[in-house]
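Below is one structure, written out as structure tokens; the observations come after it.
The values are calculated or read from the model by the stated rules, or taken from the named source; none is laboratory data. Note that the structure is a prediction, hence the values are computed from the model and not measured. Cβ sites come from the backbone with ideal geometry, for glycine too, and all protein chains shown count toward neighbours.
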Amino acid sequence: MPPPRCWRPCAATCPARRSTPRPPARTPPTAPAAGRRASRSRSSTPHTPSTSRQPCGTPTTCGYRSYRAGREPGCPEGRARARGSVVLDLSRMNRVLELSPEEQIAVVEPGVITAELDRTAGEFGLRYAPDPASAAISTIGGNIATNAGGLRCAKYGVTRDALLGLDAVLADGTLVRTGRRTVKGVTGYDLTGLLTGSEGTLGVITSATLRLRPVPEETVTVAAYFTTFAEGAEAVSALTAARVEPAMAELLDGPVLGAVDDAQGTALRSRGGALLLLQCDGRGAAAEADAAVRCLRGHATSVEVTGDPAEADRLLAARRLALPSLERLGRVLIEDIAVPRSRLAAAVRE
Ligand SMILES: Cc1cc2nc3c(=O)[nH]c(=O)nc-3n(C[C@H](O)[C@H](O)[C@H](O)COP(=O)(O)OP(=O)(O)OC[C@H]3O[C@@H](n4cnc5c(N)ncnc54)[C@H](O)[C@@H]3O)c2cc1C
């Protein structure tokens, strides 16, 4: 088989990671001989494997957490480090192993920071479509383990939709490879999907084959303010009824806008009681955004439209900074609810 078109060494792809201070190096566990299972010692000492085989040398149990240098990870379920649990620090497994512009795929280790993969793909006119608001600090391994959504999921889906295949180490030390490298792959059980969102309970993800997409030729961002959150929700239902299909649709309520204002010194709350952020991309972006604006005019108190990337980033900052801003006010508990699009306004009223 010919070598992939584009191999990129870690040094070229992860400069920020190289300069990140790391915890004191610990002796990595020894990989077991092929065909043998890992020993089952129990320890709370963090292990810092740097290759796919090294997690085999540590016992993996349900409920392990991964830690990275520099921050306490945002464990969604807030699970504490239990006594006797195994802690794996995967920050050293942070290489983009392969990036193929022709196949539009990347093979990465789990400690790669989400935004860094997107930046690296951008050098080839590609992007990693899932865009969780935590992209600047979250890892691909964590995104997969939580099946993270993201701002662009309205059009591009969640992490699972960008994932083609995985390498993982199971609890008994067995290495498994699941999935494919091609866009189509319909035979057999969907073990990649099973591992996705399993929050580390089924195994340690040691590498992932991810689908990349071309950076859209055109992107238009729309920001609309409403007097109340319910009016914003009604506008979203109206967009759905009008068959407008944005890549992103994020509706923020008054308390969130107030928290962002307090933390960031903005004045969003003075503009209204809710903010709807839309982004349309691709060749028909301008026409799609026009249709959205026509639809919103009857509901919103003001509407802004921009095709300027810097201005778009400024508008989207309100959404990206929402959680850190709320966290300044105390411990935040997030509950996801899912409702049919047509019932969104009714769900908000209830
Ligand atoms: C500021 C902020 C914004 C966010 N925005 C969004 C958003 O827009 N959309 C969204 O869906 N979510 C969002 N989240 C939640 C987000 O999805 C998760 O925090 C993130 O994907 C987890 O990645 P992480 O690297 O921080 O993982 P960690 O917090 O380190 O780990 C999360 C879980 O994954 C497991 N895990 C980690 N690595 C592996 C591995 N290699 N193999 C097996 N299991 C592993 C851990 O054991 C743990 O159970 C946000 C979180 C924060 C803090």
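Structure above, values below:
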quantity: Lone qualifier among D161, D89 - being touching a residue at least 12 places away in the same chain (Cβ under 8 Å), closer than 21 Å to T192 by Cβ and either touching a Pro at 6+ places or on another chain (Cβ under 8 Å) or away from the ligand (no atom under 13 Å from the Cβ) (or both); calculated: D161
quantity: Whichever residue in the range 299-331 is outside any loop (DSSP other than H, G, I, E, B) and exposed (fewer than 13 other Cβ atoms within 10 Å of the Cβ) and, among such residues, is farthest from the ligand (Cβ to nearest atom); calculated: S302
quantity: Every residue from the range 167-179 that is modelled with pLDDT of 95 or more, surrounded by 15 or more Cβ atoms within 10 Å (Cβ to Cβ), farther than 21 Å from R127 by Cβ and touching a helix residue (DSSP H, G or I) at 6+ places or on another chain (Cβ under 8 Å); calculated: A168, V169, L175, T178
quantity: Residue selected from the range 219-256 under the condition part of a helix (DSSP H, G or I) and aliphatic (A, V, I, L, M), by the criterion farthest from R152 (Cα to Cα); calculated: A230
quantity: Residue in the range 197-204 that is within 15 Å of the ligand (Cβ to nearest atom), outside the structural domain of D336 (by TED's automatic domain parsing) and of a type in the set (A, V, I, L, M, F, W, C) present; calculated: yes
quantity: Residue in the range 116-124 that is in a loop (DSSP other than H, G, I, E, B) and more than 15 Å from the ligand (Cβ to nearest atom) present; calculated: yes
quantity: Members of the range 270-283 that are touching a residue at least 12 places away in the same chain (Cβ under 8 Å) and more than 25 Å from the chain's Cα centre (by Cα); calculated: R271, G272, G273
quantity: Subset of the range 204-234 [of a type in the set (G, A, S) and at pLDDT below 95]; calculated: A230, A233
quantity: Residue in the range 332-345 that is in contact with a Pro (Cβ under 9 Å, 6 or more places away or on another chain), surrounded by fewer than 20 Cβ atoms within 10 Å (Cβ to Cβ) and not basic (K, R) present; calculated: yes
quantity: One residue from P110, P76, P132 being modelled with pLDDT of 95 or more and either surrounded by fewer than 23 Cβ atoms within 10 Å (Cβ to Cβ) or within 12 Å of the ligand (Cβ to nearest atom) (or both); calculated: P110
quantity: Pairs, first at pLDDT 90 or above and of a type outside the set (G, A, S) in the range 138-155, second near the ligand (Cβ under 6 Å from one of its atoms) and not in a loop (DSSP other than H, G, I, E, B), C-beta under 7 Å, six or more apart; calculated: I144/I205
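Conditions tested, residue by residue: (1) among the hydrophobic types (A, V, I, L, M, F, W, C); (2) in contact with a helix residue (DSSP H, G or I) (Cβ under 6 Å, 6 or more places away or on another chain); (3) in a helix (DSSP H, G or I).
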{"residue": "G258", "(1), (2), (3)": "no, yes, yes"}
{"residue": "S270", "(1), (2), (3)": "no, no, yes"}
{"residue": "Q279", "(1), (2), (3)": "no, no, no"}
{"residue": "A289", "(1), (2), (3)": "yes, no, yes"}
